[in-house]
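Below is one structure, written out as structure tokens; the observations come after it.
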Amino acid sequence: MTMRAVAENSSVTEFILEGLTNHQELQIPLFFLFLGFYVVTVVGILSLITLTGLNSHLHTPTYFFLYNLSFIDFCYSTVITPKMLMSFVSTKNVISYAGCMTQLFFFTFFAVSESFILSAMAYDCYVTICNPPVYTATMSPQVCLPILLGVYVMGFARAMAHTACMGRLTFCANNLVDHFRCDILPHLERSCTSTYVNEPVVFVVVGIDIGVPTATIFISYGRSKAFSTCGSHIIAVSLFFGSGAFMYLKPSSLLPMNLGKVSSLFYTIVVPILNPLIYSLRNKDIKIAMKKTLSKKSFS
């Protein structure tokens, strides 16, 4: 279903996003706070991508997946944060219907892709620790590329499913959405047609997208006995999946929207800023690559 066809199914041409808070005195401080978060995220991610690309000793399956995680985090954060920053300095935070559905599609695509790339990284960690003699054969390019393709196919399929389900709804006069971005649950509240299909789809699809990667990650780390060495990564993974489950896997009547917005901040803002910090500050290979890169620049 194209964005044009989706837009023709609704009497609403735009949505007004209420934003993170209604308190005017907090708008400017929050703008600079989240601008700082975004700058740190982008600089950290681009630095990690650059180091991985420039240093040949990082051209391994482990860093192949890390490179893609960094790319996903960059896109994931960029889909949401700039629009949210505009809401802090705009008198009226408006987004077109087609723009809203586009943001929803790409947010879902990158969020689901991130959940499955984390699973791939956990499996890579398991093979590295438990079967080092067969690591090269087990994680060969012929294996890694199909895994990566599967990650993005899952993201695309889930994004299409959620966007298509949202496209079947009609939104009426009340177009004020109590959120800082286009999300599924807040928009379901503004539908003037039945959402009996959408709610089970959200619960089942999100349940699979959270449950399967979570089980894979914890089984892989548990069998490889990597919990002690990957503690910070486990914290980031727990924040990502935990906040997502808190948002989508509870009845909306039990979750006030203010708590939903706070929960959304964790997997849209906090996790993308944690990942580059975890993989750069606690990684010997990245530190060595950084020293080599800096020494080359100093020498030149």
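Things worth noting here:
- Scanning the stretch 250-266 for residues that are within 19 Å of ARG181 (Cα to Cα) and outside any helix (DSSP H, G or I), we see that the one that is modelled with the lowest pLDDT is LEU255.
- Whichever residue in the stretch 44-93 is in a helix (DSSP H, G or I) and charged (D, E, K, R) and, among such residues, is farthest from VAL151 (Cα to Cα): LYS83
- If only residues of the stretch 202-232 that are open to solvent by 70 Å² or more (accessible area, probe 1.4 Å) and either assigned to a helix (DSSP H, G or I) or more than 28 Å from LYS284 (Cα to Cα) (or both) are counted, the one that is modelled with the lowest pLDDT is ARG223.
- Residue within the stretch 7-29 that is in a helix (DSSP H, G or I), surrounded by 20 or more Cβ atoms within 10 Å (Cβ to Cβ) and of a type outside the set (Asp, Glu) present: no
- Unmet criterion (only one of (1) surrounded by 21 or more Cβ atoms within 10 Å (Cβ to Cβ); (2) closer than 30 Å to PRO61 by Cβ; (3) not aliphatic (A, V, I, L, M)) for CYS144: (1)
- Leading residue by the ranking (nearest to GLN27 (Cα to Cα)) among those in the stretch 47-97 that are touching a Pro at 6+ places or on another chain (Cβ under 9 Å) and open to solvent by 40 Å² or more (accessible area, probe 1.4 Å): PHE74
- Residue match in the stretch 121-143 (condition: in contact with a Cys (Cβ under 8 Å, 6 or more places away or on another chain) and in a helix (DSSP H, G or I)): yes
- Scanning the stretch 97-152 for residues that are aromatic (Phe, Trp, Tyr), closer than 17 Å to THR214 by Cα and over 17 Å from the mean Cα position of the chain (by Cα) returns TYR123, TYR126.
- Qualifying residue in the stretch 169-184 (condition: in a helix (DSSP H, G or I), surrounded by 14 or more Cβ atoms within 10 Å (Cβ to Cβ) and in contact (Cβ under 8 Å) with a residue 12 or more places away in the chain): yes
- Selection within the stretch 186-201 - touching a Leu at 6+ places or on another chain (Cβ under 8 Å), assigned to a helix (DSSP H, G or I) and either polar (S, T, N, Q) or open to solvent by 30 Å² or more (accessible area, probe 1.4 Å) (or both): ASN198, GLU199
- Test: residue in the stretch 102-117 that is surrounded by fewer than 19 Cβ atoms within 10 Å (Cβ to Cβ) and without any contact (Cβ under 8 Å) to a residue 40 or more places away in the chain: no
The values are calculated or read from the model by the stated rules, or taken from the named source; none is laboratory data. It should be emphasised that the depicted structure is a prediction, and the values quoted were computed from it without experimental measurement. Cβ: placed from backbone, ideal geometry, glycine included. Neighbour counts: every protein chain shown. All accessible areas refer to the heavy atoms of the entire protein, side chains included, with ligands and DNA or RNA removed. Shrake-Rupley method; radii C 1.70, N 1.55, O 1.52, S 1.80 Å.
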